[in-house]
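J.: Here's a structure for you.
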Amino acid sequence: MKKSIIKNITNKTLGILGGGQLGKMIAQEASRLGIRTCIYDPNKKSPAFQNANIIINDVYTNKTSLKRLIKNSDKITYEFENIPIESLNFLKKNRQIYPGLRALKYSQDRLLEKRFISNLGISVAPFYKINNFIDINKALRKLNGSAILKTRKLGYDGKGQYLIKNNKIPNIQTKIEKNKYIIEGLIKFKKEISVIVIRTKDGKLECFEPAENKHKNGILRETIFPLESSMKIKNKAKDIALKIANSLNVVGIIAVEMFINENNEIIVNEIAPRPHNSGHWTINACNISQFEALVRVIFDMPIPKIKYYHSCKMVNILGDNYGIIEKSLSIRNHIVHIYGKDEIKNSRKLGHINILS
Ligand code: AMP
């Protein structure tokens, strides 16, 4: 190891905004590379606190606590998109924030995200801004009566989404407020896939091969690597993801979720400038995981070429299939990850199993 790299990682602390499972897995990889973590989350039962050297348990808007994060961190990252932008701007004056705020701005708002991606010449589902009930009817006429109404902000795991079929609008009229919704045409997809891109400070790009994602009720249930598809489609998916990462000046990692439609065209669904559930297979199947890649970029460590040791099916553990942990713990190619959440709830992500072959 070059001397300068040792210097980059000695006595260093990574500040992490968000103490969920993604924060926890970032902290685990940071720790493996000798980097301490200071984890900030309003929930005192945050799973990542199990792995933190320093804990800040406060709302994201408290200046005193934000100053404590600055004091205790050399660099800062975030594990989820909905950190108030004012808090990030405050932190930004004193510490670098990775993978950057430009990507975050777009990923926080589905309307800005879709406009940005389509302006790059990349296909997205047809979309319309919704300010009121009349807008929904207008859009439905253009979309032949089938669509998904989504909140522009704060939606995740299918939350804030309403499927509309045959012009039947669910009973949500009272909730339609100005600038809060977007409507999207329904994509008839053959497969859902995602690509995770690593981009370094000097703009060097590397990316994981695409993997297939299976959702149920808007929640990711399985990711399968490798994706069964032609080389042409895989390369196209990677090119799209790399173009997005470059255009957003990402420094760290970004996940790009896409649909492959019936004509083998690729349509981008959404982006997430952070580790992503659909990249958890990289922890056990590759020489470097999405979490390690993020930590390496932040602390100026080299990114090796990605090597794939295994095929992998990643199965999410939620409250409704929690029992599979017991069986998997006795199977040698099932690698069990349990997040240590305080409560078991049906639609809550509690862990995952990487089934290697
Ligand atoms: P999202 O939160 O936007 O990622 O949506 C969650 C899931 O809903 C996606 O992974 C898809 O399975 C489905 N979905 C979202 N938008 C569309 C769309 N425009 N057409 C078809 N399916 C969609």
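J.: Where the second residue is away from the ligand (no atom under 16 Å from the Cβ) and part of a loop (DSSP other than H, G, I, E, B) and the first is outside the structural domain of SER194 (by TED's automatic domain parsing) and lies in the stretch 205-219, which pairs have Cβ atoms under 6 Å and are six or more apart or on separate chains?
T.: none
J.: Condition (residue is touching a Pro at 6+ places or on another chain (Cβ under 7 Å), surrounded by fewer than 24 Cβ atoms within 10 Å (Cβ to Cβ) and in contact (Cβ under 8 Å) with a residue 24 or more places away in the chain) applied to the stretch 270-289: is it met by at least one residue?
T.: No - not one qualifying residue is present in the stretch 270-289.
J.: Also, I was wondering about something else. Please enumerate the residues belonging to the stretch 316-350 that are within 19 Å of ASN213 (Cα to Cα), assigned to a helix (DSSP H, G or I) and either open to solvent by less than 50 Å² (accessible area, probe 1.4 Å) or not assigned by TED's automatic domain parsing to the domain that holds LEU227 (or both).
T.: Selection gives ASN321 alone.
J.: I want to confirm something. Restricting to the stretch 157-179 and keeping residues that are touching a residue at least 40 places away in the same chain (Cβ under 8 Å) and within 16 Å of the ligand (Cβ to nearest atom), which single residue is surrounded by the fewest Cβ atoms within 10 Å (Cβ to Cβ)?
T.: LYS159
J.: What's the number of the only condition in (1) within 21 Å of PRO302 (Cα to Cα); (2) in a helix (DSSP H, G or I) that LYS236 fails to meet?
T.: Of (1) within 21 Å of PRO302 (Cα to Cα); (2) in a helix (DSSP H, G or I), only one is false for LYS236: (1).
J.: Do we find a residue being in contact with a helix residue (DSSP H, G or I) (Cβ under 9 Å, 6 or more places away or on another chain), at pLDDT below 90 and within 11 Å of the ligand (Cβ to nearest atom) anywhere in the stretch 140-155?
T.: yes
J.: Of the residues that sit in the stretch 180-201 and are under 22 Å from ARG115 (Cβ atoms) and part of a loop (DSSP other than H, G, I, E, B), which one is farthest from the ligand (Cβ to nearest atom)?
T.: That would be LYS180.
J.: Tell me which helices (runs of 4 or more DSSP H) are completely within the stretch 1-96 and hold 2 or more residues being at pLDDT 95 or above and either outside the structural domain of VAL295 (by TED's automatic domain parsing) or buried (at least 18 other Cβ atoms within 10 Å of the Cβ) (or both), or say none if there are none.
T.: Fully inside the stretch 1-96 and qualifying: 21-32, 63-72, 85-92.
J.: Could you list all residues from the stretch 20-38 that are free of Cβ contacts under 8 Å to residues at least 40 places away in the same chain and under 19 Å from HIS276 (Cβ atoms)?
T.: ALA27
J.: Would a scan of the stretch 240-258 turn up a residue that is over 14 Å from ALA103 (Cβ atoms), open to solvent by 30 Å² or more (accessible area, probe 1.4 Å) and at pLDDT 95 or above?
T.: Within the stretch 240-258, not a single residue is over 14 Å from ALA103 (Cβ atoms), open to solvent by 30 Å² or more (accessible area, probe 1.4 Å) and at pLDDT 95 or above.
J.: Would it be correct to say that LEU154 is of a type outside the set (Phe, Trp, Tyr) and open to solvent by 30 Å² or more (accessible area, probe 1.4 Å)?
T.: yes
J.: Which of the residues belonging to the stretch 206-228 are part of a loop (DSSP other than H, G, I, E, B), more than 15 Å from the ligand (Cβ to nearest atom) and open to solvent by 20 Å² or more (accessible area, probe 1.4 Å)?
T.: GLU209, PRO226, GLU228
J.: Going through LYS305, LYS313 one at a time, which residue ends up being in contact with a strand residue (DSSP E or B) (Cβ under 9 Å, 6 or more places away or on another chain) and exposed (fewer than 15 other Cβ atoms within 10 Å of the Cβ)?
T.: Answer to the selection: LYS305.
J.: Any idea which of (1) part of a strand (DSSP E or B); (2) touching a Leu at 6+ places or on another chain (Cβ under 6 Å) is the one ASN269 doesn't satisfy?
T.: Evaluating ASN269 over (1) part of a strand (DSSP E or B); (2) touching a Leu at 6+ places or on another chain (Cβ under 6 Å) leaves (2) as the failure.
J.: List every residue pair whose Cβ atoms lie under 9 Å apart, where the two residues are 6 or more positions apart in sequence or sit on different chains, the first residue falls within the stretch 44-70 and is within 12 Å of ALA27 (Cα to Cα) and touching a residue at least 60 places away in the same chain (Cβ under 8 Å), and the second residue, located anywhere, is open to solvent by 90 Å² or more (accessible area, probe 1.4 Å) and not small (Gly, Ala, Ser).
T.: That search, which allows pairs on different chains as well, returns nothing.
J.: Of the conditions (1) at pLDDT below 95; (2) among the β-branched types (Val, Ile, Thr); (3) buried (at least 20 other Cβ atoms within 10 Å of the Cβ), ILE117 clears all except one; give me its number.
T.: ILE117 satisfies every listed condition except (1).
The values are calculated or read from the model by the stated rules, or taken from the named source; none is laboratory data. Quick caveat, the model's predicted, so the values are computed rather than measured. No Cβ is skipped: glycine too gets one built from the backbone with ideal geometry, and neighbour counts run over all protein chains shown. When the accessible area is computed, the model is the full protein with side chains, heavy atoms only, and any ligands, DNA or RNA have been set aside. Shrake-Rupley method; radii C 1.70, N 1.55, O 1.52, S 1.80 Å.
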